[in-house]
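Each remark here refers to the structure printed beneath this line.
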Amino acid sequence: SYSLLHASRKTFSNVKVSISSQWTPSCLNSTAPELRPYELWNSSHLFPNAEEATLFLGTLDTIFLFSYAVGLFVSGIVGDRLNLRWVLSFGMCSSALVVFSFGTLTEWLHFYNKWFYCCLWVVNGLLQSTGWPCVVAVMGNWFGKAGRGFVFGLWSACASVGNILGAFLASCVLKYGYEYAFLVTASVQFAGGVIVFFGLLTSPKEVGLPELGADEDEVSVEEDANRPLMGNDDVDDDDRNYSIQATDNDNQPKAIGFFQACCLPGVVLYSLAYACLKLVNYSFFFWLPFYLSNNFGWKEAEADQLSIWYDVGGIIGGTIQGLISDVLQKRAPVLAVSLLFAVGSLFGYSRSPNSKPINAVIMAITGFFIGGPSNMISSAISADLGRQDLVKGSSEALATVTGIVDGTGSIGAAVGQYLVSLIQENLGWMWVFYFFILMTSSTVLFISPLIVREIRLLLHERRLRMLAE
């Protein structure tokens, strides 16, 4: 379900060059045929030049992410109180209709209006925000802490798979017109929403299985994957796992409040860190195909296909780093090491030569060190934060916590998209990459208290093992 949501988002970034050409007079577009009468065939242009069209595209990205961020805070709370299947399927189908109206219907009707585009993208952001809190909550209902880093690291690749799917679908039909790229992805997403409505099982109890944690007490020590972040080292870990949505019918727990969730240990720090990291990750998501076409002069379809390598690196990075964090039973140190390498990879990618193979390799490495930590924070770490001991009496907390972390991240990403277009227009692409390096370094800075704390506990545990031997 989340792959399909991301595929429809990716479509917009993959067709920016085509939309920009459509929104500017054909006399500025050397590839467009000269059609008469001029006034009729150029009635669709919204902007006098490509620079203003590009700035508006960045504004649309910002509008989407701001509404998406606001929606995440609300959707997390709604997801903890209503049936997750209903919320998720409604968001998918409704968003598909909005995407169809934005990219396909307006082109078929030759209706071009900036305010109409902005309103549709606000609604799309609100509807798409139902996705991530709901899917993380469902995964949290089915998987306990044992191996969560690996399981969630592998599963969170769904966003990158969606990016690859969106890029593939868009590049296949782009030659017929950008409106068909929106049509295909919107249709697939709508069909996925129908399947989710009739087929999704949100918790084990729906098929008569025991609730998560009912038979996991004997492995609670192995499942203490994030104890340093969640509380003191001497906290009793009995009955540490429990169901988030699956509850006893006679003793229905109340969902945790928004401000209570904000006060949970680690939520604020990881939210601020994710705001910086998601800014960088989503800038690649929204602007990478445009950057490749604009900076190197490559064809739009070729740039779309080449941008897939960033997501391939993110898939591998999230899985491997999640596995390492399970082995160490600590998340923050793994994030720190990856982000330090990310700074170097960003510097290297900013100086990539005009060579597709070399660019693809450096792009994949950059995706490994940026996309991997981003996937980890938004999935495994959010699940850890939403299932700590402090919310045992109010177990329906995971969707709310996930909404807070991802919502704060989306606010940072929203501000970033406008800044990227502004920096690129005034200073050039090189300064955009310097901005990315600054934001990546800020991510490490925000989680530095957690890094220090977890490294100390790792050293302490190592000393205890040496004494025991």
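Quick look at the values:
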read-out	value
Rotationally averaged projected area of the stretch 267-345 (alpha carbon convex hull; nm²)	6.0
Bins of 5 Å, starting at 0 and running to the largest distance - Cα pair percent for the stretch 320-380	4, 20, 26, 19, 14, 10, 6, 2, 0
Solvent exposure ordering (accessible area, 1.4 Å, most first) of 110, 6, 460	110, 460, 6
Burial ranking of peptide ranges 432-442, 265-275 (average Cβ count within 10 Å, highest at the top)	265-275, 432-442
Nearest-0.05 FRET efficiency for residue 463 and residue 175, computed from C-beta distance (R0 60 Å)	0.40
Globularity index of the stretch 69-133, i.e. its alpha-carbon radius of gyration over 2.2 N^0.38 Å	1.24
C-alpha center-to-center spacing [the stretch 441-455, the stretch 136-211] in angstrom	31
Too-long pairs where the Cα-Cα distance tops 22 Å, listed order kept, from 175/299; 10/299; 114/299; 114/278; 278/299; 16/114	114/299; 114/278; 278/299
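The values are calculated or read from the model by the stated rules, or taken from the named source; none is laboratory data. Computed from a prediction, not measured in an experiment: that's the story for all the values here. Please note: Cβ atoms are built from the backbone with ideal geometry, for glycine as well, and neighbour counts cover all protein chains shown. For accessibility, only protein heavy atoms count, side chains too; no ligands or nucleic acids. Shrake-Rupley method; radii C 1.70, N 1.55, O 1.52, S 1.80 Å.
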